[in-house]
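None of the figures in this text is laboratory data; all of them are computed from the coordinates on show. Note that the structure is a prediction, hence the values are computed from the model and not measured.
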Amino acid sequence: MARRVSAAFAKAHLSSLTARVAHGGEFFLIERRGKPLAALVGVGELERLEQGRATSARPLGALALTGAWDEVDEAELETVIQEVYRVRASDTGRAVDLGAHVPAGHRHSQ
């Protein structure tokens, strides 16, 4: 957890604060009039934060696929979509006997 310090304190003790950050792994939240202005963090933590920002801007999962079709010609994409609809329409599924999975006392007679 970051220790809160005033901007005046940070200015007066910058050298010791940076040493504590660099070598002690501490964090400091610099405030002016009780409102956060900046944070003093180590280089490793800054790199981790920047890496997180870079990857969080990229969509994950299915959202990542939305841009995958940008380079596909529109006519080719339409052909793919039509093929999907054609295959779906011709799929008759498979027969399922639900009676085999229902206990004998719970089956409805027809």
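Only beta bridges with both residues in the range 3-55 are counted; by DSSP, about 55 percent of them are antiparallel. The value of relative contact order for the range 3-55, using C-alpha pairs under 8 Å at least six residues apart, is 32 percent.
Looking at the square roots a ≥ b ≥ c of the eigenvalues of the Cα gyration tensor of the range 3-55, which shape do they give, rounded for a/c under 1.5, prolate if a/b is larger than b/c, or oblate? Write out the running numbers ahead of the final one.
Values: a/c = 3.10, a/b = 1.44, b/c = 2.15.
Because a/c hits 1.5 or more and a/b fails to exceed b/c, the range 3-55 counts as oblate.
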